[in-house]
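Working notes, beginning with the structure itself.
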């Protein structure tokens, strides 16, 4: 049978590449990572009603890239999305970026795959594409690609939040790609090859590597820990919560009549959050727990119970409520935000050392929401103004993208926006 | 029985911590990673004739940090090495950084472990310490800690190599720590906690994360690929080659009579090598292979055979020798350097994006050698002046450290230097 390998097509020629993707997707394994040892042979389907990489079980590693589009041609933009779709489908199924492969082609030509993933399995790779507000209108309001009329109402540059200290070189972008895998070399290989394919049409604006996922989308899985040492994302929307996904994550068919193309998609809010971990590490355990509102050990709310017990914000403690009024868990709780929940998919990062000899480290926060105006911006505002954790956080990057629905058979990602 | 866990000592009190390390080391598992799925429960002994992390099977992830010493007190320096030894032994055995643990102590005190590794196994963690030239004499020649008389003759700042483009903020350092593990969160946890313990005595000068090890020390294991997509380190000294380790890696008892304390240790040369991968990716496959002198597919020399076939530099090709005279494999081959071989332990890195929209990516090269004057500097010089690959490389960081022998029972790392 025709099947993919990192070394190109085995048992099939380049002509088979166009159809092999759909074939492979149909029999793809959906085994979920479980016990901390990643099943690196995991293959997730690329095509479907939603893009993979959102409610997919969270892989261990991230390479995220934002791109500036360098062309004014709508046709070139569409051609890029078509080429990216083909390459992404191939790589997520464990194959090379191009139909020929890293070593099978003519020695007179550059290979259509860069080769560093030869021999590495799919490793649960997912590749998820998004469109930034600036793809629809540039800073001067110009309609760059004839898309302005279809810009979703909710897809606006994020407001400046109190205490934001953003680096423009780590913020925004016309397009984004999130590559997640259980092997960082596989995630890096994906972004690198997509950037290579886009050379001349797009340029990488910023990119971010992450490790140590800080949220789980899998019910029953241990909640991972952030660099504060605390479990993070206990209340995350899980992939098994179909009703909650529809309510909080997927854009509904009638959410935005002017942007019906986004139905089945989502919004991706990214925030690069530096943590002042050296200062944090000198705080007493009890103070740390008061800042978070949960115990460091089990992650139970300070009002008692276990990790998944609902916090009781009214329970008195020895000095005010058991969960302080400025505790993180209270400030961002859905009960204070009209029931809004997020699907979080963030990763820890360490990017070397800052100028003061501290680790340049923190959380690369990613959340998928149905509408950032109800599900992200108010919560971020509440955090910025009332959360005790803010003393240890510095927001250094920020971006919002509309994530189109999944590509059906024969479609390219984002096709509904252009047709 | 007394044993460690990330949550502190189970079945033992803090008083047991002093002896438990040796106990655990004695029964530690030495199972080697094998089939690409890391056995995260792997525990390597911390104590021994040599430090772990040199000829240990290469783990998947790296966090490397260089430190500046901020005290003038020899006693404080020794106390730090003692504290680091205790913490490193604990963490490599799967335990917390301190005897109490991240959540077991008083809520009125900062925890003695930062907690992000709670629940994570040892993951093959090794922690390896080194001393830079500046620990012995500062830039003005001052003997900072009464150690100048014991400075190894070979431990001098690396010369400026042609084409070096070094960032001082990514170079040198008084001390270094290499943490390798099969889980990046475990490696980061180790460096972070050692930096925390050293607060006030040392400050992080620079640090580097790496993924995708680029060399193997295990005979028979697939040679990993660097970001050029080529197998790298085929001729690496393997941990099973006892005679080669003695000849090329471990400092001999009579190598340097003025620095007998280093016997059983080694030298660590670190070079941060940025690759211009976007330009590389546009080169024809045949050109790439000529630059390296090996095929991209199997890694066989262009003179024929398989990966481990010795290259035949005299075999004619269609246009000069089959292996070009400036091919990397020829320029650095032991035959041209008095038979000198290295034990390489480098990692790929991607540190976001450079100012031109390319990936800030490459190879964090680490080599352990018996004497950098014979085993590293001449090879680096030959590369800098005659290697076709240099067109695609930029050296942005550089450091040399003397790596003391392993600590015996009751000793601290580096004790032989101070007694």
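The values are calculated or read from the model by the stated rules, or taken from the named source; none is laboratory data. Quick caveat, the model's predicted, so the values are computed rather than measured. Every residue, glycine among them, receives a Cβ derived from its backbone with ideal geometry; neighbour counts consider all protein chains shown.
Structure summary
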quantity: Residue check, residue B:212 buried (at least 23 other Cβ atoms within 10 Å of the Cβ), in a loop (DSSP other than H, G, I, E, B), within 14 Å of chain A (Cβ to nearest Cβ) and in contact with a strand residue (DSSP E or B) (Cβ under 8 Å, 6 or more places away or on another chain); calculated: no
quantity: Test for residue A:117: is it within 14 Å of chain B (Cβ to nearest Cβ) and in contact (Cβ under 8 Å) with a residue 24 or more places away in the chain; calculated: yes
quantity: Failed condition for residue B:223, given (1) assigned to a loop (DSSP other than H, G, I, E, B); (2) away from chain A (no Cβ under 11 Å); calculated: (2)
quantity: Segment A:344-403, residues that are more than 14 Å from every other protein chain (Cβ to nearest Cβ) and part of a loop (DSSP other than H, G, I, E, B); calculated: A:345, A:370, A:371, A:376, A:387
quantity: Qualifying strands (runs of 3 or more DSSP E) (wholly inside segment A:1-89; at least 1 residues being at pLDDT 95 or above and under 29 Å from residue A:400 (Cβ atoms)); calculated: A:61-69
quantity: Test result for residue B:196, within 14 Å of chain A (Cβ to nearest Cβ), in contact (Cβ under 8 Å) with a residue 12 or more places away in the chain, touching a helix residue (DSSP H, G or I) at 6+ places or on another chain (Cβ under 8 Å) and part of a strand (DSSP E or B); calculated: no
quantity: Breaking point among (1) farther than 13 Å from residue B:271 by Cα; (2) more than 19 Å from the chain's Cα centre (by Cα); (3) surrounded by fewer than 20 Cβ atoms within 10 Å (Cβ to Cβ), for residue B:161; calculated: (1)
quantity: Those residues of segment A:300-318 which are surrounded by fewer than 21 Cβ atoms within 10 Å (Cβ to Cβ) and within 13 Å of chain B (Cβ to nearest Cβ), in sequence order; calculated: A:300, A:307, A:317, A:318
quantity: Every residue from segment B:65-90 that is within 17 Å of residue B:180 (Cβ to Cβ) and away from chain A (no Cβ under 14 Å); calculated: B:84, B:88, B:89, B:90
quantity: Total residues in segment A:178-193, condition under 15 Å from the mean Cα position of the chain (by Cα) and more than 7 Å from chain B (Cβ to nearest Cβ); calculated: 8
